[in-house]
Amino acid sequence: MTAPGFWDDQDRARTVVQELKATKGVIDGFAGVAREVEDTSDLFSLAEDEEDEGTLGDVASQLEALGERIDQLELRAFLSGPEDSLGAVVSIHPGAGGTESQDWAEMLFRMYLRWAERSGFTTSLLDFQGGEEAGIKDATFEVNGEYAYGYLKAESGVHRLVRISPFDASGRRHTSFASVFVYPQVDDTIEVTVLDSEIRVDTYRASGAGGQHVNKTDSAVRLTHLPTGIVVTSQNERSQHRNRDNAMKILKSRLYMHKLEEERKRLDSLYDQQKEIAWGSQIRSYVFQPYTMVKDHRTAEEIADVQAVMNGRIDPFIEAYLRSDLARPPGTAKKTGKQGKGGAGAK
């Protein structure tokens, strides 16, 4: 950074500064914990020599907090993929089942927004299509912040709901499905070229609530990438120009993911759009009746408090996934048998 001419190339300089920030974050985190371990060890030795029960109690509290920080550093070490540090683009689609599935998709949408808020991330809505009676037909949003994609990649897949439907006058139990797709945000450090000749642009009137201007003008945009057949839409903004920008952002993220798919088969679960959104393909089940339980079928992680999960408490599922071999490419499985708190197979 002190080299002559470093700031002449602003794009390259910004990339280096971002890399420096990420690297310093890792180093400072480990250095800080190392200092705390040393200080706590010295305090313990002093309290033990003086038989000071009060100070020993303080040491025990410090050790518990220190253990949690070390767990988080260990978890961060698993996020070493080239795109893990990026923000995320999340798309939610209801499965077959009409209003019930659309309502379930909206429940998942709220769950992820609450998780992002609890985790210190910011969100930005890119596309939202409400259902005719309730719920959503589609929703796509950004989660902005370092490592948002690294954490949220654990959520890609089919999510299953079991409950007594509020839309069934007979009070019968229903099973509904919704799919969640998570893509890494394409930022300035990643170049994805989309030629105008490769895309078809369609404009149309936005549907659903959105104000008189939105519904009376052709502000909604649909982009079709002809070589791959990928189709993205955006209709949440009043301006056709802004909707096109949002749609292009989604398209670039999906094209980047598509390229990674071709290069690394380990990302199958992140872009498996051919997988049926139905029974037998779910990664997680959310049971409201006759008992309450959320279970991840990949790691066997379970939480009985379904309401807490719907309020954004999904970190145990994310942690269990990252600590398992599922999140790592072939040939890089961890060699230790340690699972840590909330690891795969935890009861």
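The values are calculated or read from the model by the stated rules, or taken from the named source; none is laboratory data. These numbers come from a predicted model, not from an experiment. Cβ atoms come from the backbone with ideal geometry, glycine included; neighbour counts cover every protein chain shown. When the accessible area is computed, the model is the full protein with side chains, heavy atoms only, and any ligands, DNA or RNA have been set aside. Shrake-Rupley method; radii C 1.70, N 1.55, O 1.52, S 1.80 Å.
Checking the Cα-Cα distances for LYS259/LYS295; LYS21/LYS295; LYS24/LYS252; LYS137/LYS252; LYS24/LYS259; LYS24/LYS295 against a 26 Å cut-off, the pairs over it are LYS259/LYS295; LYS21/LYS295; LYS24/LYS252; LYS24/LYS259; LYS24/LYS295.
Share of carbon and sulfur in the accessible area of region 109-179 stands at 42%, probe radius 1.4 Å. The HN-Hα couplings worked out from phi for region 238-250 by the Karplus form 6.51 cos²θ - 1.76 cosθ + 1.60 (θ = phi - 60°) are 6, 9, 4, 4, 5, 5, 5, 4, 5, 5, 5, 5, 5 Hz, whole numbers, x standing for Gly and Pro.
Taken about its Cα centre, region 109-187 carries a charge dipole of about 520 debye when Lys and Arg each add +1 at the Cβ and Asp and Glu each add -1 at the Cβ. Between VAL26 and TYR291, the FRET efficiency estimated from the beta carbon spacing at R0 = 41 angstrom works out to 0.45. Taken per residue, the accessible surface of region 30-108 reaches 52 Å², heavy atoms only and a 1.4 Å probe.
Backbone phi angles across region 153-164, fed through the Karplus curve with coefficients 6.51, -1.76 and 1.60 (θ = phi - 60°), yield HN-Hα couplings of 4, 5, 8, 5, x, 9, 10, 10, 10, 10, 6, 7 Hz in residue order; Gly and Pro are listed as x. Given 0.36 nm per residue, what is the gain on full extension from THR55 to ILE164 after removing their alpha carbon distance, in nm? So the extension gain works out to 33.9 nm.
Protection proxy ranking of 132-142, 15-25, by the mean of other Cβ atoms within 10 Å over each peptide's residues and highest first, is 132-142, 15-25. Here the relative contact order of region 23-104, from alpha carbon pairs under 8 Å that lie six or more residues apart, stands at 22 percent. Ligands, DNA and RNA aside, HIS241 has an accessible area near 120 Å² when probed at 1.4 Å.
In terms of packing, defined here as the mean over residues of other Cβ atoms within 10 angstrom, the peptides 32-43, 94-105 line up highest first as 94-105, 32-43.
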